[in-house]
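Step one of this worksheet: look at the structure below.
The values are calculated or read from the model by the stated rules, or taken from the named source; none is laboratory data. Keep in mind that what you see is a predicted model, and the values were worked out from it rather than measured. All Cβ positions, even for glycine, are placed from backbone atoms using ideal geometry, and neighbour counts span all protein chains on display. Just so you know, the surface numbers come from the protein's heavy atoms only, side chains and all, with ligands and any DNA or RNA stripped out. Shrake-Rupley method; radii C 1.70, N 1.55, O 1.52, S 1.80 Å.
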Amino acid sequence: MKNIFVFDVDNTLTPPRQKITDDMKTLFKAFIKKNKVYLVSGSDFEKIVWQLGREITGDVQGVYGCLGNTLHIKNKLSHLNEFSELESLELLNDIKKYINESLTPVKTGNHVEIRIGMINISTIGRNASIEQRKIYSEFDKQNSERKIFADFLSNKYPKLDISIGGEISIDISVKGHAKEQIYNKILRGEEDSTIIFFGDRCNVGGNDHSLAKLVKLDNGIVFNVDSYTDTKQILQRIWNGDCTI
């Protein structure tokens, strides 16, 4: 039985919306050379490259961006999905209303990103500084702003998959085309393999949940980490032979 490792990126391999640390980069590059590794993120490929560097994104087996709606192999685009369901004027109006009515302590701009096969929205905005992101994260924990709106969208648009991603955003995709879509693609021709998935949003409502659920159902292994430091510790244990998989 062979192992295939799949990693979320933001807050799993890197600090939130920051570049990979030097020590983590050294460990991960060595790990890639000895193991079959894929990446999957809600971010687009350019942001993943910015966080990890082109050496890492080129050395892994594949990089699934935009919740799996793009695939890059050796830093070249191999596949992409596009969906007309995400162009609904009613949906976009609901998103605008949500942003306008938000009681978030600050709004920084860049609230809606239409990516390949998905939409990413944030009431504080993606221009937020690291400190502002932390402030919003605490605000959201106290007020459940993202969960309330995600539940509203899920009920109103049953054909869409709505999940909470990272510290400040909500991801919107077509059902069946969030991160879970990569599962069978990775296992194609690898039926004797076990997937080991690392993500920080594996619980219900998080954008890693759909993939984590499939991995568990197929007797794979899921590490639901709180931060990249958890991932680092687990990888060090695997590397040293102290963690049996």
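Here are the numbers for the structure shown:
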read-out	value
Length released on extending from Leu103 to Asp59, taking residue separation times 0.36 nm less the Cα-Cα span	11.5 nm
Carbon + sulfur, % of accessible area of the chain - ligands and nucleic acids excluded, 1.4 Å	49 percent
In nm, spacing of pseudo-spin labels at Gln236 and Lys213 (7 Å Cα→C-beta vector)	3.5 nm
nm² value of the averaged projected area, convex hull over the Cα atoms of region 60-115	5.6 nm²
Hull volume in cubic angstrom per residue (convex hull over the Cα atoms of region 53-187)	120 Å³
Spatial extent of region 104-180: Rg and Dmax, with the Cα atoms as the point set, Å	12.5, 35
Surface/4 estimate of mean projected area, convex hull on alpha-carbon atoms of the chain, nm²	12.7 nm²
Top of Phe31, Phe197, Phe45 by mean-square fluctuation, Gaussian network on the chain, Cα under 10 Å	Phe31
Where the chain is the region considered: accessible area per residue in Å², 1.4 Å probe	48 Å²
Dipole of region 108-245, positive end: most advanced residue of Gly189, Ile162, Asn240 [Cβ charges, Cα centre]	Ile162
Estimated dipole of the chain in Debye, rounded to 20 [Cβ of Lys and Arg +1, of Asp and Glu -1, Cα centre]	420 debye
Highest average packing first - 72-84, 225-237, 165-177, Cβ atoms within 10 Å	165-177, 225-237, 72-84
Among Ile124, Ala178, Gly68 - extreme Cα towards positive end, dipole of the chain, charges at beta-carbon	Gly68
Helical contribution to [θ] at 222 nm, DSSP H n ≥ 4, -39,500 (n - 2.57), averaged over the chain, rounded to 500	-11500 deg cm²/dmol
Centroid-to-centroid separation of region 61-110 and region 126-146 [C-alpha atoms, Å]	19 Å
Furthest towards positive pole of dipole, Ala150, Ile32, Leu92, structure part the chain, Cβ charges	Ile32
For region 147-245, alpha-carbon Rg over 2.2 N^0.38 Å	1.21
Phi-based couplings in Hz for region 108-120 (Karplus 6.51, -1.76, 1.60; Gly and Pro marked x)	10, x, 6, 8, 10, 10, 8, 9, 5, x, 6, 10, 10
Compactness of region 1-124, expressed as Rg and Dmax over alpha-carbon positions, Å	16.7, 52
